[in-house]
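Below is one structure; the comments refer to it alone.
The values are calculated or read from the model by the stated rules, or taken from the named source; none is laboratory data. A quick note: this is a predicted structure, and the numbers were derived from the prediction, not measured. As a convention, Cβ positions derive from the backbone with ideal geometry for all residues, glycine included, and neighbour counts pool all protein chains shown. Side chains are part of the model used for accessible areas, which takes the heavy atoms of the whole protein and leaves out ligands, DNA and RNA. Shrake-Rupley method; radii C 1.70, N 1.55, O 1.52, S 1.80 Å.
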Amino acid sequence: MITSRLLPNFSRLVGLRSVASQGMAANKRVKLFTNPISPPGRSVELTAKAINLDIEVISIDLLGNDTLKAEYLSKNPQHTIPMIDDDGKFIWDSQAINVYLTTVYANSEDLYPSDPFARAKVNAGLHFNSGVLFSRLKLLISPVIRGLKTELDPVNVDYFNTGLQLLEDTLQANYYTGDRMTLADLSCVSSVSSFDAILPISRERFPKTFDWLRRMEQLPYYREANGEGARKLSKIVESILK
């Protein structure tokens, strides 16, 4: 999750001002409040695309502290993104959102199987992303984005790489839980691609992770839902680094 407090109030970072997604109707049932630089938000966009759910994406202005305004806080007291509004039901935390969307709107169980063992493996992947990959990514880039540092901490780079090694060891097939893509992949790729856009992942050091990421990039909706946002995040970080 990302809050408005992640970013300082400097207007030179373009592309973060609040603009409702182009071409989206104003009356879609499910509304997603997010920003393209948010890896968790991008995982929700990936999930919506994967289940062919046409959602209304509302870009939150992190510079303008949209999530700290009274109207937003009344819906999400944790003032985080992403958040969805499904006909007056407000859900935040990307893992909870993705599980909800697939449970309610998916036409198959491919992404989130009902079998208890298979579902447990997917859930483990969701927790792995939130507890390891995204938390370490945030630890690495948040001080830079907030203007507290002008270089990436080598210790935190290594810390993220230890998380990548865990992913490498987990990838025993084409995807996180086996030969079929699940929510675990859509969740993890949002964090891994963000790191890769800033510090390209070595194929020699992480061959299975490298190939998995390239495989995920072949999704027809990947660029729109995740790739462009990852690049935007990397440009912001690179604009601050010395």
How much accessible surface does Lys121 have with a 1.4 Å probe, in Å² rounded to 10? 80 Å²
Please work out, to two decimal places, the log10 of the ratio I(q)/I(0) at q = 0.09, 0.12 Å⁻¹ from a Debye calculation in which every Cα of the range 110-242 carries one identical scatterer. -0.26, -0.46
Kirkwood Rh over alpha-carbon pairs of the range 83-166, then Stokes-Einstein at 4 °C and 1.567 mPa s: what D in µm² s⁻¹, rounded to an integer? 86 µm²/s
Tell me, Kirkwood radius of the chain from alpha-carbon pair distances, in Å? 18.1 Å
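Could you give the length gained on full extension between Arg180 and Leu73, defined as 0.36 nm per residue of separation minus the Cα-Cα distance, in nm?
Details: separation 107, 0.36 × 107 = 38.52 nm, distance 3.79 nm.
Computed gain between Arg180 and Leu73 is 34.7 nm.
Using a 1.4 Å probe on the protein heavy atoms, what percent of the accessible area of the range 95-242 belongs to carbon and sulfur? Don't jump to the answer; show the numbers that get you there.
On the way: 3670 of 7040 Å².
Percent of accessible area from carbon and sulfur atoms in the range 95-242: 52.
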Per residue, how many Å² of accessible area does the chain show with a 1.4 Å probe? 46 Å²
If ligands, DNA and RNA are left out, what is the accessible area of Trp92 with a 1.4 Å probe, given in Å² to the nearest 10? 70 Å²
How large is the accessible surface of Arg231 in square angstrom, using a 1.4 angstrom probe and rounding to the nearest 10? 110 Å²
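At 37 °C and 0.692 mPa s, grab the translational diffusion coefficient of the range 79-124 from Stokes-Einstein with a Kirkwood Rh over Cα pairs, rounded to a whole number in µm² per second.
On the way: Rh = 11.5 Å.
The Stokes-Einstein estimate is 285 µm²/s.
Go through Val44, Val155, Val99 and list them by solvent-accessible area, largest first, probe radius 1.4 Å. Can you show the working numbers first?
Numbers: Val44 0, Val155 100, Val99 35 Å².
Ranked from most to least accessible, the order is Val155, Val99, Val44.
Can you give the convex hull volume of the alpha carbon atoms of the range 156-205 per residue, in Å³? Working shown, then result.
On the way: hull volume 3.9 nm³, N = 50.
Spelled out: Cα convex hull of the range 156-205, divided by residues, is 78 Å³.
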Would you please give the FRET efficiency between Ala120 and Leu63, computed as 1/(1 + (r/R0)^6) with r the Cβ-Cβ distance and R0 = 51 Å, to the nearest 0.05? 0.80
